[in-house]
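J.: Following this message is one structure expressed as structure tokens.
The values are calculated or read from the model by the stated rules, or taken from the named source; none is laboratory data. Owing to the predicted nature of the structure, the values given are computational and were not obtained by experimental measurement. When we count neighbours, we look across all protein chains shown, and the Cβ atoms used for this are built from the backbone with ideal geometry, even at glycine.
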């Protein structure tokens, strides 16, 4: 196992490279992803450190390893430049430091190639979402989309919430479809009806596929957002940044905010839908949505809800496990639930 460690000599070198003066009083590890020996080009190695000083605000040093996808230095450079563009256009976010002309600096540590970025530490991280937070987050996303379009900004990286990728972090029809051999009798009939409904609704989204893609932050989770001094929502952590269709990003991020965070009220289907509508209202307040897009929203929402990755493969009682283990009662119940949601 490769476990990246950073000693005082390396830390001082990094601070000097980025022109940060002062003695570090403490170093706190915020996040660590290790990887297996020999897998460093394919697996993501990450280390995030918070460095505190006596007389000035802390900074965050991020070490990212690997050479593929979002771990490649050109992608990291684009992500940090994207963040800087937001900051320069009045979007609250953490300030990145430059070493010379570069935000992203390569450094070999313990025989392993990493890319380093340094940014200000952000206070007041959001820990729970309510309707007001959802509305403000939607408004923030719309402003970032406007900037991406205005400056024709791009990041050469796929995003985790792209509805047209073979794989995304929210819904999974492919795994559902692969379960076909496990269904028989009434379950098979219902499975086929669900597939027909999926394809009909997915067809409604096809016009989006041909649209131009722009850069997005890619992950509006509560742990990546904060309240600024004037009460506005800010965002940080651009390591999921990439190109996607902006309206698709709006709906996917809105669903994510409404279903997969911590909340100030008990989470129910009705409350999640209210949060989603609050998010989209905030988005509309800063960026127009066409009639064609408005007509897509119900189908889009039901697709994600019906094939929620938790129902298909992540929950303790998920459809994949139930089908493979021959739990007919659970399979039938989950298929009925999926049918209800795809029919809405």
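J.: What helices (runs of 4 or more DSSP H), lying completely within the range 110-226, carry at least 2 residues that are in contact (Cβ under 8 Å) with a residue 40 or more places away in the chain and farther than 23 Å from residue 255 by Cβ?
T.: Because the criterion is at least 2 residues that are in contact (Cβ under 8 Å) with a residue 40 or more places away in the chain and farther than 23 Å from residue 255 by Cβ, the helices (runs of 4 or more DSSP H) in the range 110-226 that meet it are 185-204.
J.: Listed residues 134, 180; which is surrounded by fewer than 16 Cβ atoms within 10 Å (Cβ to Cβ), modelled with pLDDT of 95 or more and either more than 19 Å from residue 283 (Cα to Cα) or in contact with a helix residue (DSSP H, G or I) (Cβ under 6 Å, 6 or more places away or on another chain) (or both)? Let's see the steps before the verdict.
T.: On the way: 134 fails: surrounded by fewer than 16 Cβ atoms within 10 Å (Cβ to Cβ).
None of the other options fit; the residue is 180.
J.: Another question, if that's okay. Looking at (1) modelled with pLDDT of 95 or more; (2) within 19 Å of the chain's Cα centre (by Cα); (3) farther than 25 Å from residue 50 by Cβ, which one does residue 151 not meet, given that it meets all the others?
T.: All conditions pass for residue 151, except number (2).
J.: Taking the stated definitions as given, is residue 25 touching a strand residue (DSSP E or B) at 6+ places or on another chain (Cβ under 9 Å), surrounded by 12 or more Cβ atoms within 10 Å (Cβ to Cβ), over 16 Å from residue 110 (Cα atoms) and at pLDDT 85 or above?
T.: Values: touching a strand residue (DSSP E or B) at 6+ places or on another chain (Cβ under 9 Å): yes; surrounded by 12 or more Cβ atoms within 10 Å (Cβ to Cβ): no; over 16 Å from residue 110 (Cα atoms): yes; at pLDDT 85 or above: yes.
Judged against the criteria, residue 25 is not a match.
J.: Of everything in the range 242-260, what is in a loop (DSSP other than H, G, I, E, B) and within 12 Å of the chain's Cα centre (by Cα)? Give them in sequence order.
T.: The answer is 260, and nothing else.
Okay, residues lined up against (1) within 19 Å of the chain's Cα centre (by Cα); (2) modelled with pLDDT of 95 or more; (3) surrounded by 18 or more Cβ atoms within 10 Å (Cβ to Cβ):
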| site | (1), (2), (3) |
| --- | --- |
| 296 | no, yes, yes |
| 301 | yes, yes, yes |
| 315 | no, no, no |
| 330 | no, yes, no |
| 333 | no, yes, no |
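J.: Residue 239 - would you say it is under 18 Å from the mean Cα position of the chain (by Cα) and exposed (fewer than 15 other Cβ atoms within 10 Å of the Cβ)?
T.: no
One line per residue, one yes/no per condition, for (1) in contact with a helix residue (DSSP H, G or I) (Cβ under 9 Å, 6 or more places away or on another chain); (2) within 15 Å of residue 239 (Cα to Cα); (3) surrounded by fewer than 20 Cβ atoms within 10 Å (Cβ to Cβ):
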site	(1), (2), (3)
123	no, no, yes
128	yes, no, yes
138	yes, no, no
148	yes, no, no
157	yes, yes, no
